[in-house]
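Have a look at the structure below, then the notes.
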2 protein chains.
Amino acid sequence: MQNFEYCNKTKIIFGRGTENQAGKETAIFARRILLHHSGGSAVRSGLIENVKNSLKEAGVAWVELTGVQPNPRLSLVKEGVDIVKNEKLDFVLAVGGGSAIDSAKAIAAGAVNDGDLWDYFERRKTLQGALPVGTIVTIPAAGSESSTSCVITNEEGPWKRGMHSVFNRPVFSIMNPELTYSLPPFQTACGITDMMAHIMERYFTREQHVEFTDELCEGALRAIIRNGRKIFSGGENNYDARAEIMWAGAVAHNGILDTGRIGDWASHALDHELSALFDIAHGAGLAIIFPAWLKYNVNEDSSLESMSRLARFAVKVWGVDGAFYDYRQAALEGIFRMENFFKSIGMPTRLKDANIDTSRIPEMAKRVVHFGPIGNYRKLDSKDAQAIYNLAAE
Amino acid sequence: MQNFEYCNKTKIIFGRGTENQAGKETAIFARRILLHHSGGSAVRSGLIENVKNSLKEAGVAWVELTGVQPNPRLSLVKEGVDIVKNEKLDFVLAVGGGSAIDSAKAIAAGAVNDGDLWDYFERRKTLQGALPVGTIVTIPAAGSESSTSCVITNEEGPWKRGMHSVFNRPVFSIMNPELTYSLPPFQTACGITDMMAHIMERYFTREQHVEFTDELCEGALRAIIRNGRKIFSGGENNYDARAEIMWAGAVAHNGILDTGRIGDWASHALDHELSALFDIAHGAGLAIIFPAWLKYNVNEDSSLESMSRLARFAVKVWGVDGAFYDYRQAALEGIFRMENFFKSIGMPTRLKDANIDTSRIPEMAKRVVHFGPIGNYRKLDSKDAQAIYNLAAE
């Protein structure tokens, strides 16, 4: 097990009706805030109206910035930074999913860090602080509600880049599973895939003695898979299934599951290129990339050490009976079951399912190693990346 | 799933050599501190010397209070409060296990809350704050290093009582598994039992839809059992096994495993009477009480709802093959295996193993309901408590 530090200060407020605490929780930090959301479904559902009433009651004034979209854009972030500075706002409240939250985090960072904000995403500078951010989560997926991550797309490129900093952790996150009942099935499925990927990126490590967190990862994945099936079997409005998924999605990315281990994260990088060039939803991209990444690992490294983790993943997460398969067969059976699960919730599992132009694979394989080789479970250069994109094209 | 709030601000610093960061981490909060420990093994091992050097380097001055013992005493706490007030100290640094940490928490509370400190343990008053506490953990057991709990024994009684408050959470906890190599096997075993009990108290809930945290609890228990066996099979100095146990023990009690559920905690109350009257180690008391509590539940409630959780515990945690047993048989087989595990690490599983005078059972059964019926999975009155103590006497 690796040495580690772990501290997560985000206050989680979870359950029915909790959105009505938005004002009270915000007022602890500020009286003038930026209210940031898409302007779409959260308005139609009446949620934004409820949040505004709660803010009003608590004596909190707001300026509104709408227009967040999936793969949130740097241009809107810059607009937000200008508003926060000009209006002298002290807090950013995001209502939405990972896109609204990440957009809010970037605005909060841009408000107090000088120079070109994109430098922080290009790893040329390090954040020195940020305004406090609160969130009201409507899409369980990104886990951004208590994570250090912030992923933004710069349209001039386009480039999709992540920025990681403890200053990115929200001060509070409000999570009411009822708010997720009305999500389109595609978004629910993308969310389930995204949180599973967050756990799998941590699970695939070369660290040998991380049994406790292995168990937590496997258990979390099983709970997500079972409750995901419930939601997609007529359980759209099943509070308990929605609650399991929502809380698991937060814990998946709150840092506790990677204590003592080094995760992989190559699949996220491989998907970021799909998202940047084709604006595909993050979860959908991961459902295409992850099976290909696993197959590449099964094919490239037949060592006992490597194969035993791939087989364990199949046995412990996908219920493959280890007694009836050798390690390689078990690993492949696990991947097969994972693909079937993704398909069953309406996710694509091949590039063609998402109408991705495979002629751009060489370009993506070149872009993905912008900062050097990717991945830790297995270091991947451009050639490896191309092979994985090709497996996703089969 | 129940609504919940969750926030744990304790910074965990985990791994080899981390005790050398004690000075740096303390200096963030204070320059004059109380250094609190037993004066025993941590001095002999050289740890206290290392900590003092680290404090010196960071420019932190200390006053030392030693003499903490298992089931930490109110009299020593009061002595500590006087020192902190007279010397105008701003921080308490505990070095040791749950006893040193809980003693430090009580001192930190007593330093800033007026009146008789015992009132806060008797639930007559609520904490309004506390000095910051830091910890260097040498016994993985209580999970007090990031918990809201503080358990103290008042010799005038004697009474053993817990006080719960967010102000009890340490600001940082330093955890180096190497510091636990030299623990006597009995203390290692008590620690393993204590952390397992913390998880089981949370696991046994009437809340029906808490699958995600069920999975986390079961996985944590399996990891503790497997690595406990390793330590007791010649692995005293096995870093990885010690690390798994140490980190699992912290997470067991950091609050994440009971999000959305109501735990039971009757077994803790039943053991507190054993500890108060017979000064038995907390872990050893729990190894006696928990099997009896489980048997009582198996006997008293044959409903499908109740029995299915007892059986699931046996199947998922103790590897009982559900296909070959009915629920009741499976539950009993699980208890049998748990007892065998406790015995294998040198724990008592009956009152007589710990030389407890069973003639005082009626007295303990009366004392334990001091605040009213105990437990949530099953509410227990004095008669029920007596029956459980009797099962532990068999």
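Of the heavy-atom accessible surface of chain B (probe 1.4 angstrom), what whole percent is carbon and sulfur? Can you show the working numbers first?
Numbers: 6900 of 14070 Å².
Carbon and sulfur: 49 percent of the exposed surface of chain B.
Not counting ligands, DNA or RNA, and with a 1.4 Å probe, what is A:ARG360's accessible surface area in Å² rounded to the nearest 10?
Probe radius 1.4 Å; accessible area of A:ARG360 about 80 Å².
Kindly provide log₁₀ I(q)/I(0) values, in the same order as q = 0.15, 0.22 Å⁻¹, from the Debye equation applied to equal alpha-carbon scatterers of the stretch B:173-318.
Computed log10 I(q)/I(0) values: -0.80, -1.45.
Around A:GLY372, what is the net charge, scoring Lys/Arg as +1 and Asp/Glu as -1 over all other residues with Cβ under 10 Å from its Cβ? Each step should come with its number before you reach the end.
Details: positive: A:LYS379; negative: A:ASP381.
Neighbourhood net charge equals 0.
Output the residues of the stretch A:208-226 meeting this criterion: accessible area (heavy atoms, 1.4 Å probe) in the chain alone minus accessible area with all protein chains in place is 50 Å² or greater.
Buried-area filter returns A:HIS209, A:GLU211, A:PHE212, A:GLU215, A:LEU216, A:ARG226.
Using a simple charge model, +1 on the beta-carbon of Lys and Arg, -1 on the beta-carbon of Asp and Glu, nothing else, what dipole does chain B show about its Cα centre, in debye to the nearest 20? List each step's numbers first, then the result.
Numbers: 43 positive and 47 negative charges, 77 e Å.
Value, rounded to 20: 380 debye.
Springs between alpha-carbon atoms under 10 Å, Gaussian network over chain B: tell me which of B:SER54, B:SER103, B:SER233 tops the mean-square fluctuations.
B:SER233
Looking only at A:LEU74, A:LEU304, A:LEU117, which one moves most when chain A is put into a Gaussian network model with springs between Cα atoms under 10 Å?
Comparing A:LEU74, A:LEU304, A:LEU117 in a Gaussian network model of chain A, the most mobile one is A:LEU304.
Sorted from shortest, what are the nm distances separating the label point of A:ARG44 from equivalent points in the other copies, each placed 7 Å from Cα along Cα to C-beta?
7.1
Quick check on the protein assembly as shown: of the DSSP beta bridges with both residues there, what percent are antiparallel, nearest 5%?
On the way: 21 of 65 bridges.
Taking every DSSP beta bridge within the protein assembly as shown, about 30 percent pair in antiparallel fashion.
Tell me the distances, shortest first, between B:GLY319 and the same position across the other copies, using label points 7 Å along Cα→Cβ, in nm to one decimal.
Taking the point 7 Å beyond Cα along Cα→Cβ, the inter-copy spacings are 2.2 nm.
Restricting to chain B, compute how many DSSP beta bridges are antiparallel as a %, nearest 5. Before the final figure, lay out the partial values.
On the way: 7 of 29 bridges.
Of the beta bridges lying entirely in chain B, close to 25 percent run antiparallel.
Let's see if you can work this out: charge +1 on each Lys and Arg Cβ, -1 on each Asp and Glu Cβ, no other charges. What is the dipole magnitude of the protein assembly as shown about its Cα centre, in debye to the nearest 20? Before the final figure, lay out each step's value.
Working: 86 positive and 94 negative charges, 98 e Å.
Dipole size: approximately 480 debye.
Between the stretch B:169-248 and the stretch A:294-308, what's the alpha-carbon centroid distance in Å?
With the stretch B:169-248 and the stretch A:294-308 each reduced to a Cα centre, they are spaced 31 Å.
Considering only DSSP beta bridges whose two residues both sit in the stretch B:106-245, what percent are antiparallel, to the nearest 5? Before the final figure, lay out the partial values.
Details: 6 of 10 bridges.
Of the beta bridges lying entirely in the stretch B:106-245, close to 60 percent run antiparallel.
Taking only the C-alpha atoms, wrap a convex hull around the protein assembly as shown and report its volume per residue in Å³ as a whole number.
160
Tell me the net charge near A:ARG161. Cut-off is 10 Å between Cβ atoms, A:ARG161 excluded, with +1 for each Lys or Arg and -1 for each Asp or Glu.
For residues surrounding A:ARG161, the net value is +1.
Quick one: which of A:LYS316/B:LYS316; A:LYS160/A:LYS366; A:LYS9/A:LYS52; A:LYS9/B:LYS78; A:LYS295/A:LYS316; B:LYS78/B:LYS125 span more than 21 angstrom between C-alpha atoms? Don't skip to the answer; put the middle values down first.
Values: A:LYS316/B:LYS316 12 Å; A:LYS160/A:LYS366 14 Å; A:LYS9/A:LYS52 25 Å; A:LYS9/B:LYS78 31 Å; A:LYS295/A:LYS316 18 Å; B:LYS78/B:LYS125 17 Å.
From A:LYS316/B:LYS316; A:LYS160/A:LYS366; A:LYS9/A:LYS52; A:LYS9/B:LYS78; A:LYS295/A:LYS316; B:LYS78/B:LYS125, over 21 Å: A:LYS9/A:LYS52; A:LYS9/B:LYS78.
Counting only protein heavy atoms and rolling a 1.4 Å probe, how much accessible area do A and B lose on contact, total for both sides, in Å² to 100?
By this definition, chains A and B bury close to 3800 Å².
Under the rule of -39500 (n - 2.57) per DSSP H run of 4 or more residues, summed and divided by the residues of the protein assembly as shown, what mean residue ellipticity at 222 nm is obtained, to the nearest 500 deg cm²/dmol? List each step's numbers first, then the result.
Details: 30 runs with 379 residues, N = 788.
-15000 deg cm²/dmol, from helical runs alone.
Before I look further, what does the stretch A:1-117 give for accessible area per residue, probe 1.4 Å, in whole square angstrom?
40
What nm distance separates the two modelled labels at B:GLN69 and A:SER302, each placed 7 Å from Cα along Cα→Cβ?
6.5
Around B:GLN21, under 12 Å between beta carbons, what's the net of Lys plus Arg minus Asp minus Glu among the other residues?
Values: positive: B:LYS11, B:ARG16, B:LYS24; negative: A:GLU5, B:GLU19, B:GLU25, B:GLU57.
Every neighbour counted, the sum reads -1.
Of the options B:ALA331, B:MET163, A:PRO348, report the single residue whose Cα projects farthest towards the positive end of the charge dipole of the protein assembly as shown (beta-carbon charges: Lys, Arg +1; Asp, Glu -1).
B:MET163
Expressed as a whole number of Å, what is the distance separating the alpha-carbon centroids of the stretch B:76-94 and the stretch A:31-55?
Rounded to whole Å, the Cα centres lie 48 Å apart.
Give the accessible area for B:LYS85 in Å² (nearest 10); use a 1.4 Å probe, count only protein heavy atoms, and leave out ligands, DNA and RNA.
My reading of the accessible area for B:LYS85 is about 100 Å².
For the stretch A:315-377, what does the accessible surface come to per residue with a 1.4 Å probe? Please give it in Å². Before the final figure, lay out each step's value.
Working: 3210 Å² over 63 residues.
Computed with neighbouring chains in place, this is 51 Å² per residue.
What is the magnitude of the charge dipole of the stretch A:83-236 about its Cα centre, with +1 placed on the Cβ of each Lys and Arg, -1 on the Cβ of each Asp and Glu, and no other charges, expressed in debye to the nearest 20? Mind showing how you got there, number by number?
Numbers: 15 positive and 19 negative charges, 13 e Å.
Dipole magnitude for the stretch A:83-236 comes out near 60 debye.
Work out the charge dipole of the protein assembly as shown with +1 on the Cβ of Lys and Arg and -1 on the Cβ of Asp and Glu about the Cα centre, then indicate which of B:ASN238, B:MET175, A:TYR203 is farthest towards its positive end.
Of the candidates, B:MET175 comes out farthest on the positive side.
Have a look at the stretch A:236-252 and report residues whose accessible surface goes down by 10 Å² or more when the remaining protein chains are included, against the chain on its own, probe 1.4 Å, ligands and DNA/RNA excluded.
Relative to the lone chain, where solvent access is computed with a 1.4 Å probe, the stretch A:236-252 loses at least 10 Å² at A:TYR239, A:ASP240, A:ALA243, A:GLU244, A:TRP247, A:ALA248, A:VAL251.
Can you pull the accessible area of B:ASP114 for me, 1.4 Å probe, Å² to the nearest 10?
120
Taking the Cα centre of the protein assembly as shown as the origin and placing charges on Cβ (Lys, Arg +1; Asp, Glu -1), which of A:ALA223, A:ILE152, B:PHE186 is farthest toward the positive end of the dipole?
After comparing all options, I get A:ILE152.
Evaluate 2.2 N^0.38 Å with N set to the residue count of chain A, then give the Cα radius of gyration divided by it. Display every interim value, and only then the final one.
On the way: Rg = 20.5 Å, N = 394, 2.2 N^0.38 = 21.3 Å.
Ratio of Cα Rg to 2.2 N^0.38 Å: 0.96.
Quick check of the Kirkwood formula: for the stretch A:264-394, what is the inverse mean of 1/r over all pairs of different Cα atoms, in Å?
Working: mean 1/r = 0.0671 Å⁻¹.
It is 14.9 Å.
The values are calculated or read from the model by the stated rules, or taken from the named source; none is laboratory data. Treat the numbers as computed from the prediction; the structure is a model and nothing was measured. Neighbour counts run over all protein chains shown; Cβ positions are idealised from the backbone, glycine included. Heavy atoms of the whole protein, side chains included, go into the accessibility calculation; ligands, DNA and RNA do not. Shrake-Rupley method; radii C 1.70, N 1.55, O 1.52, S 1.80 Å.
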